[in-house]
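Accompanying notes for the structure given below.
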Amino acid sequence: MQTFNYVKAPNIDKALTGLGSGKFIAGGTTLVDLMKLDVERPSTLVDINVLALDKIEKLPDGGLRIGALVRNSDLAWNADVQKSYAVLSQALLSGASPQLRNMATTGGNLMQRTRCAYFREPSAGTPGGYGCNKRTPGTGCAAMDGFNRTHAILGTSEHCIATHPSDMCVAMAALEAVIHVEGPKGKRTIAFADFHKLPGDTPHIENALEPGELITFVDLPKPVEGARSVYLKLRDRASYEFALASAAVVAKVEGGHIRYVRVALGGVGTKPWRSHEAEATLNGKPAHAAAFRAAAEAALATAKPRSDNAFKVELAKRCLTRTLKLATA
Amino acid sequence: MAMDTLPHAAGIIGAVVPRIDGPLKTTGTARYAVDHNFPGLVHAVAVQSTVGSGSIRTLDTAAAEKMPGVLLVLHHGNMKGAYRLFPHQDDATISEARPPFEDEKIYYWGQFVALVVAETLEQAGAAASAVRVEYDAQAPDVRTDLSAGFTGTRQSSWKRGDPDQALTTAPVVVDETYATPVETHNPMEMHGTVAVWEGDHLTLYESSQGVVNHRIVMAEVLGVPRENVRVISRFIGSGFGGKLFPWPQSTLAAVAARNLNRPVKLSVDRRMMFSNVGHRPHTQQRIRLGAAPDGKLTAIRHDFFTETSMLDDFVEHCGEQTPFLYSCPNLEVTTGMVRRNVGAPAPMRGPGAVPGLFALESAMDELAIKLKMDPLELRLKNDAERDEGTNRPFSSRHLKECYLTGAEKIGWKQRTPEPGSMRRDGKYIGWGLAGASWAAARIPCTATVELCPNGRICVRCATQDIGTGTYTIFAQVMQAKTGVPLDRIDVFLGDTSLPDGPTSGGSMVTSAVLPAATSAANEAVTRLLNIATLTAGSPFAGAKADTLTVSHARIHAKDQPASSGIAFEEVIRMANLSGITAAGKTIPSWEDPKARDFSMHSFGAHFAEVEWEPEIARIRVSRIFSIFDCGRIINKGAGANQILGAAVMGVGMALFEDTVHDPRTGQPINGSFADYLVTTCADLPALDVTFLDYPDLLVNEYGARGIGEIGMAGVAPAITSAVYHATGIRVRELPIRIEDLLQSKILEV
Ligand SMILES: Cc1cc2nc3c(=O)[nH]c(=O)nc-3n(C[C@H](O)[C@H](O)[C@H](O)COP(=O)(O)OP(=O)(O)OC[C@H]3O[C@@H](n4cnc5c(N)ncnc54)[C@H](O)[C@@H]3O)c2cc1C
Ligand code: SF4
C-alpha cells in the first residue's frame, strides 16, 4: 500500500473541489481492498460518508430515489424496495456477506471492479508481472490463456474478458435505473445501460463518469403495474461467492401471454448484461417453458467461452429459464 | 451406547464439558503468537518470488534500504547463521529442509527471497514492495496430471497374495483412477513468529502444533544449544497439520532478531498460506478391485501418485487403510512420488486416509453398482475381523455396528438403487455411504501435577491445545482423580519449559496425555495422603495412608464421607510445603507388551444425502450422519465438535476446495478467502454425530483413542456416491463441479 492523504468532505461542493487526482471513498470495501493489493494507488482519499446522500425517497412520479451512500443492507431491507422492486432486494441479499453489505454503498457497488485474479495481482501490468490491459493498456491479458473459469462470455473483447461482478447492477439494469451524477461541469443523468462500458480496446475505461464526477443518486422508474420481478444467482457454494451466472427478470403476464419483460444477466458479461435479444423473443409469447428456453438461447447466442468457462453458457441458460419461470408463475 | 465398565464412568469423564479456555478465547484475552509485543519490537515482511522456477539474477535492495524505518534487508547475499537440520535427525522434523535464502535458486512460486525489517509493519511492507528482484526464470512444472513424465520408481508398501493374477480371473472388476486436488490449510490464525533474544537465549512465540519438536529444530537450524531455546505456543488458532513442523518464517524471524538484537515479529499473510506453509498435495490413485459375483473381494490394487516439492520427500500415504479395511486375500499398494514446482506439502487433517479413502470407497461404490448389490451389503460382506495387513487382531473394531447404526438412522432400507429414483419436495435426492479409519497409538508423554496450598491444582505438559480441548481433558482428569472443581485447576501447556509432551498430530494427544496425567495425579494423591499421616496436627496423623482417599477436594477415610475429612490444601499448609508435585509418564504402546501385538485403529462411517435440482444444476448436501467408533470419548462436547468440524471440511473437500496453480508462473492463483472456496454456514447440511463409545482399554485406562482426523475420512466418497445416486454422474476428480453436473441426464422432476 502507498502513502495517501485523507480528507473528509462535509458537503458535495467540498467533495468535488477536494478530489484532485484522488478518489472518493464510501464503504471502502472495494477501494481499500484494491489499495492493499497496490491495484489502486490514489494520492488522496476524499471520504464522502457524511454527505447527505443516504436516503431512500419516493419520487413524485411514483419512482424511487436512492442516495449514493445508502448501504446495500439498508436498501435490501427497505420496505418499498422489497414490495415494488423485489429483484433489487434479492440481488443485494445474494451478494457478499452481511458485514460487507453493511458497509457497501449504492454508489460504490456501481463502481466495484472485476474479480479477475490477474487484475488483482499487485504486479499485473508492470514489467515481470502478468499482462493486464485493464491495469496497463497494451500489456496483454493473462486471463485469456490462464485461469478463466469465472470470466465473462458476453461482451468480451480480445483485450479483456473480465466479468462485471455486481449483483445489484444486474437488477438495476433490468429495472432501467437512471444514475445522477454531479461534477465540476455540473449535474447530469446517465441511463443505466450507458453507465458501464464494454472493454473493447479500452478495458481500463469502465464507466461513463467524467473525471471528478460524483454519483449522487440512482432513480428507479415507477414500478410496472402488475409485474413481478425475481433475481436468481447460481454459484458453487450457497453464500459469499460471486455469481457464475445470475439473472434478473421483471415480467408481466396477462392472459397467459408476456406483456412486459426486462431481462438482465450477471456473472457472464463484461458489464451488467441487459438482454434485448431475450426480451424480443419473449414479448407477446405464451408464458411457458419453450418460450423461456428460446429466450435463454437468444440471450447466449453470441457467447464466446474460453478454455475454463464454457459451462457458463449452459448454466446461464438454465439460470434464465428458471428465473423466467419464477417471474411469470 | 456401549456398556460402561469403568470405575471413572460416573462424573466428568465422558461428560459434555465446556472448554476451560473458552472464555479467554471468546473475550479476546487469549494471546496468540503474534499478539505478543515487547519493548523495541520491530516488524518483518517477507518478499516472495514471482517466478515458479529458476534463479535470482539480481536482487536490488538499495531503494528499500533507504526507505523510512528500514533496519535490515536479509537475502541470500547476506544471510548467515541458518543451518540445515541433520537429515537423519531421529527426534525432530522440519517442513522445508532448505534453510531460507540458502542460495539464489527458486523452486516454487512465492518462495521467500528477501526479508525486510522495519520499525513499523507498514514501513516494512512498503519497503518489501520496493525490493527489486530479477530472475532467470524457467517454465515451472505444475502439471496436474501426476503420471505425466513420471520416471521414478514405485514403492510397494503392502503386498499379499497375487493381486494381478486374481484380477485377471475375477468375474467382476473395477478399474478406475481417482484424483484429489491441492487443498490448502486455512486455519483462522496464520503462521507467525515473535523472536526474542536475551544474550544467547532465544524465546520464540509461535503458532505451533509441536513446541518440543520446534525447539529441537530451531536449536539446530540456528546453531545454539537446545536448552537455550524456548518455544511458547499457548493458544493456536488451529493448524490442521500445517503447523506440525517449523517453516522458514520461524528461522527468518530468529535470524533477523539476532542480527538486530531486537525482538522481531513476522507473520505470513493469507496469500502466503497458499504457497509457503504447506498444503495437501495432489493425488492420483488407480484402484483395481476384483470380486466374486456374491461380492466377496478377491483382489485389491491401490497404485497412487502423490505430488511433492522439488526438494522435500513428502508422501501422502493414500494406501494406509487399504490393507486392513476389508478382508481380501490378494492385495498390493504402491506409491509413486512426483516432483512439481510447489512449496513443500504438509500433513493435513487425516493425511493419506482422507484422499486414500476417497479413492478406495468410491471404487467400492462402483463395485457395488457393477455387482447390482447394495453398497452397505458389500461393506458388511467384506468386513475384516483381523488386520490382514499386519496379521494382528484389532484391539477394538466395531465398523459393522457403525454401518448398521447409520443405516438405521438415515432409513437406508428405503433406498432405491437407480440414479434419480428418489425424490422429495420437488428435488431429487441421493444417498451414499463410506467408511473411515485412522490409526491409534499411545505415544510418549510426561506431565507433572502440583497440589497447591491455595487449594488449586496445577498441571504442566509441553503438549499444546490446538483448539481441540486438550486443556479441558487435563482438567477433567484432575477433577476425576480429586474432586477439585474445574475452576480450581490450572493447566499449563504449549511451552518447552514444561515437561516434554507430544506434538498435536495424528489424533494422538488425548490417548498420550491421559496415562501421564493420571499417573501424575495418582502419585500426587499418594504423596498427599502420606504427608497427611506424617504431619503433626493433621487429623490423620498416625493413620495408615491406604485407609485414606481424596474426593470432593477433601482428604478423608475411605469408609467415611468426604464431609468427615479436611480440605486437601490444609494438610499442605500444616506441613509447610509450597506444594506437592508428582511426575507422570506415558509408556508408548509399542513398548507395552500388552498392546504391541494389536492393530489399533478407530473406525467410522458417514451416510450423506444430497439434493439435486437439475433445472439449475444445483447440488446441496442436505444431511450427514456420522457414526464413530473411537474408543471412549472423554469430552462428548469437544469430541462431537471434532467430528462435526471434520464433516464440514469434508463437504469443502467434496464440493469446493481446489488450489489452482497458474501453469505459466506456478502461482496459486486463487489464494484468498474470496477465491478459494471453503464451506460456509449456508452450505452446512444437518449434521448428526453418534459415538459408539466402546472403551479401548489397551490404549489407556479410560479407553480413549483420538478423534481429530478420522471424521474427515469418508465424507467426500459418501457425498460423491450420493451425487451419483441423485444425478447419475460419477465424479472421480474432486471437487465436484457444476461442470460435471451439467452432464447429468436426470433432468425433469
Ligand atoms: C469479499 C467480497 C465479496 C463480495 N461479494 C460480492 C457479491 O457477491 N456480489 C456483489 O455484487 N458484490 C460483492 N462484493 C462487492 C461489494 O458489493 C462492493 O465492494 C461494494 O458494493 C462497494 O461499495 P463501497 O461503498 O464499499 O465502495 P468503495 O470501496 O468505497 O468504493 C468503490 C469505488 O467506487 C468509487 N465510489 C464510491 N462511491 C462513489 C460515488 N458516490 N461516486 C463516485 N464514485 C464513487 C470509489 O472511488 C471507488 O473507486 C464483494 C466484496 C468483497 C470484498
Ligand atoms: S481479463 Fe481483463 S482484467 Fe483480467 S487479465 Fe485480462 S485484461 Fe486484465
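We did not get these values from a lab; they are worked out from the coordinates using the rules stated. Computed from a predicted structure; not experimentally measured. With ideal geometry, Cβ positions are generated from the backbone for all residues, glycine too; neighbour counts draw on all protein chains shown.
The 3J(HN,Hα) values that the Karplus relation (6.51, -1.76, 1.60; θ = phi - 60°) gives for segment A:104-111 are, in residue order, 5, 10, 4, x, x, 5, 4, 9 Hz. Gly and Pro appear as x. Within the same chain, aspartates and glutamates fewer than 8 places from B:K25 are excluded, and of the rest, those with a Cα less than 18 Å from its Cα are B:D35, B:E189, B:E206, B:D465, B:D487, B:D490.
The calculated 222 nm mean residue ellipticity attributable to helices in chain B amounts to -7000 deg cm²/dmol, summing -39500 (n - 2.57) over DSSP H runs of n ≥ 4 and dividing by all residues.
With N the number of residues in segment B:656-749, Rg(Cα) / (2.2 N^0.38 Å) evaluates to 1.53.
Across chain B, C-alpha contacts under 8 Å between residues 6 or more apart give a mean separation that, scaled by the residue count, equals a relative contact order of 17 percent. Amide hydrogen proximity for A:H159: with H placed 1.01 Å from N in the peptide plane, no residue at 5 or more positions away or on another chain lies under 5 Å. Between A:D61 and B:R270, the modelled labels are 4.3 nm apart [label points 7 Å from Cα along Cα→Cβ].
For chain B, just say rounded, prolate or oblate: build the C-alpha gyration tensor, square-root its eigenvalues into a ≥ b ≥ c, call rounded for a/c under 1.5, and beyond that prolate if a/b exceeds b/c, oblate if not.
Values: a/c = 1.92, a/b = 1.10, b/c = 1.76.
It comes out oblate by the Cα gyration axes.
Electrostatic bookkeeping for B:E613 treats Lys and Arg as +1 and Asp and Glu as -1; over the other residues with beta carbon under 13 Å from its beta carbon, the sum is +4. Counting charges near A:R318 (Lys, Arg +1; Asp, Glu -1) among other residues having Cβ under 11 Å from its Cβ returns a value of +3.
Taking the Cα centre of segment A:228-328 as origin and assigning +1 to Lys and Arg Cβ atoms and -1 to Asp and Glu Cβ atoms, the resulting dipole is close to 140 debye. Which one of B:M422, B:T169, B:A583 is farthest out on the positive end of the charge dipole of the protein assembly as shown, using unit charges on Cβ (Lys, Arg +1; Asp, Glu -1) and the Cα centre as origin? So the residue furthest toward the plus end is B:M422.
Taking the square roots of five times each eigenvalue of the Cα gyration tensor of segment A:68-164, the equivalent ellipsoid has semi-axes of 33, 14, 11 Å, listed largest first.
May I ask for the distance between the Cα centers of segment B:126-196 and segment B:202-239, given as a whole number of Å? Computed from Cα coordinates, the inter-centre distance equals 28 Å. Of A:H180, A:V230, A:V32, which is farthest along the charge dipole of chain A in the positive direction, counting Lys and Arg as +1 and Asp and Glu as -1 at C-beta? Sorting the options by dipole projection puts first A:V230.
Would you mind ranking B:K370, B:K481 so that the residue whose beta carbon has the fewest other beta carbons within 10 Å leads the list?
Details: B:K370 13, B:K481 20.
So the residues, fewest neighbours to most, are B:K370, B:K481.
In this entry, segment B:1-125 is assigned a mean projected area of 15.1 nm², taken as a quarter of its C-alpha convex hull surface.
Spatial offset of segment B:476-529 relative to segment B:571-605 amounts to 8 Å, using the alpha carbon center of each. Summing charges over all other residues whose Cβ lies under 15 Å from the Cβ of A:V39, with Lys and Arg as +1 and Asp and Glu as -1, gives +3. On a per residue basis, the convex hull of the C-alpha atoms belonging to segment B:650-707 measures out at 153 Å³.
The mean sequence separation of alpha-carbon pairs under 8 Å and at least six residues apart, normalised by the residue count of chain A, gives a relative contact order of 16 percent. Here the dipole of segment A:5-47 is about 80 debye; that uses its Cα centre as origin and unit charges on the Cβ of Lys and Arg (positive) and Asp and Glu (negative).
Shown here are the Rg and Dmax of the Cα trace of segment A:277-329, at 11.5, 37 Å.
Near A:Y130, the amide H atoms lying under 5 Å from its own belong to A:A124, A:G125; only residues 5 or more places off or on other chains count, and H is placed 1.01 Å from N.
Hey, which of these cross-link pairs are over 21 Å Cα-Cα: A:K285/B:K427; A:K233/B:K427; A:K8/A:K134?
Values: A:K285/B:K427 28 Å; A:K233/B:K427 18 Å; A:K8/A:K134 29 Å.
Listed pairs above 21 Å: A:K285/B:K427; A:K8/A:K134.
Note on the protein assembly as shown: dipole from Cβ charges, positive end direction compared against A:Q99, B:P248, A:T216; the farthest Cα belongs to A:T216.
P(r) tail for segment A:228-328: Cα pairs beyond 18 Å make up 39% of the total.
Modelled spin labels at A:A208 and B:R132, positioned 7 Å past Cα toward Cβ, are 4.4 nm from each other. Using Cβ point charges alone (K and R +1, D and E -1), the dipole size of segment B:514-656 about the Cα centre works out to roughly 360 debye. Placing pseudo-labels 7 Å out from each Cα toward the beta carbon at A:Y260 and A:H276 gives an inter-label distance of 2.0 nm.
Tell me, what is the Rg over Rh of the protein assembly as shown, with Rh the Kirkwood radius over Cα pairs? Could you put the intermediate results ahead of the total?
Working: Rg = 31.8 Å, Rh = 31.8 Å.
When Rh is taken as the Kirkwood radius, the ratio is 1.00.
The 3J(HN,Hα) values that the Karplus relation (6.51, -1.76, 1.60; θ = phi - 60°) gives for segment A:138-152 are, in residue order, x, 8, x, 9, 5, 6, 3, 10, x, 7, 10, 4, 9, 7, 7 Hz. Gly and Pro appear as x. Its alpha carbons give segment A:1-136 an Rg and a Dmax of 17.0, 56 Å.
Scanning residues 5 or more positions from B:A440 or on other chains, those with amide H under 5 Å from its amide H are B:M600, B:H601, B:S602, with H placed 1.01 Å from N in the peptide plane. Of the residues B:R280, B:R730, B:R262, the one with the fewest other Cβ atoms within 10 Å heads the list, and the complete ranking is B:R730, B:R262, B:R280.
In segment B:383-436, which trypsin sites (Lys or Arg not before Pro) are in a loop and have at most 16 other Cβ atoms within 10 Å, using DSSP for the loop call? The partial results should precede the final answer.
Numbers: sites: B:R386, B:R397, B:K400, B:K409, B:K413, B:R415, B:R423, B:R424, B:K427; in loops: B:R397, B:R415.
Sites meeting the loop and neighbour criteria: none at all.
Using the Kirkwood radius over Cα pairs, work out the Stokes-Einstein diffusion coefficient for chain A at 20 °C and 1.002 mPa s, in µm²/s as a whole number. For these conditions, the coefficient is 106 µm²/s.
Please work out the C-alpha center-to-center distance from segment B:401-440 to segment B:62-84 and express it in whole Å. A separation of 58 Å, based on Cα centres. For B:L655, B:L41, the sequence from fewest to most other C-beta atoms within 10 Å is B:L41, B:L655. Membrane-span-like helices in chain B, defined purely by DSSP H runs whose alpha carbon atoms cover 30 Å or more axially and whose average Kyte-Doolittle hydropathy reaches -0.5, are B:509-534. In sequence order, segment A:177-194 has phi-based couplings of 5, 10, 9, 9, 10, 9, x, x, 9, x, 9, 7, 10, 10, 5, 4, 4, 8 Hz under the Karplus curve 6.51 cos²θ - 1.76 cosθ + 1.60, θ = phi - 60°, and Gly or Pro positions carry x. Kirkwood hydrodynamic radius computed over segment A:5-47 comes to 10.5 Å, based on all pairs of distinct alpha carbons.
What number, in percent, do you get for the relative contact order of segment A:5-47 if the mean sequence gap of Cα pairs under 8 Å and at least 6 apart is divided by its residue count?
On the way: 49 pairs, mean separation 25.4, N = 43.
Answer for segment A:5-47 is 59 percent.
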